[in-house]
Amino acid sequence: MRPIHYTSCTLVVMDLQDFTNLGTQTRADELVDILNAVFTAIDQTAVLIGKVWKVNNFRQTYLQVELDDT
């Protein structure tokens, strides 16, 4: 595989504010539903933008990279 040159790269890290408090006040199944809804919306938006590579989600944190090869 040949390396690809990108002229710029944007690293996006998103964290849900007050997640710990939300976790203590919400049933586990509801919390999973909330996280799934949030991360799915972000994933769908990234597909519309294009050239976005989802790196990871860890607990309530979402990490992605947007690449520009122009």
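Rounded to the nearest whole Hz, the Karplus-based 3J(HN,Hα) values (6.51 cos²θ - 1.76 cosθ + 1.60, θ = phi - 60°) of the range 19-28 follow the sequence 5, 4, 5, 4, x, 7, 10, 10, 5, 4, with x at glycine and proline. Using the 1.4 Å probe convention, the accessible area of the range 1-58 works out to 84 Å² per residue with neighbouring protein chains retained.
The values are calculated or read from the model by the stated rules, or taken from the named source; none is laboratory data. Just so it is clear, the structure is predicted and the values come from calculations on it, not from any experiment. Accessible surface is based on the protein model in full, side chains and every heavy atom, while ligands, DNA and RNA are left aside. Shrake-Rupley method; radii C 1.70, N 1.55, O 1.52, S 1.80 Å.
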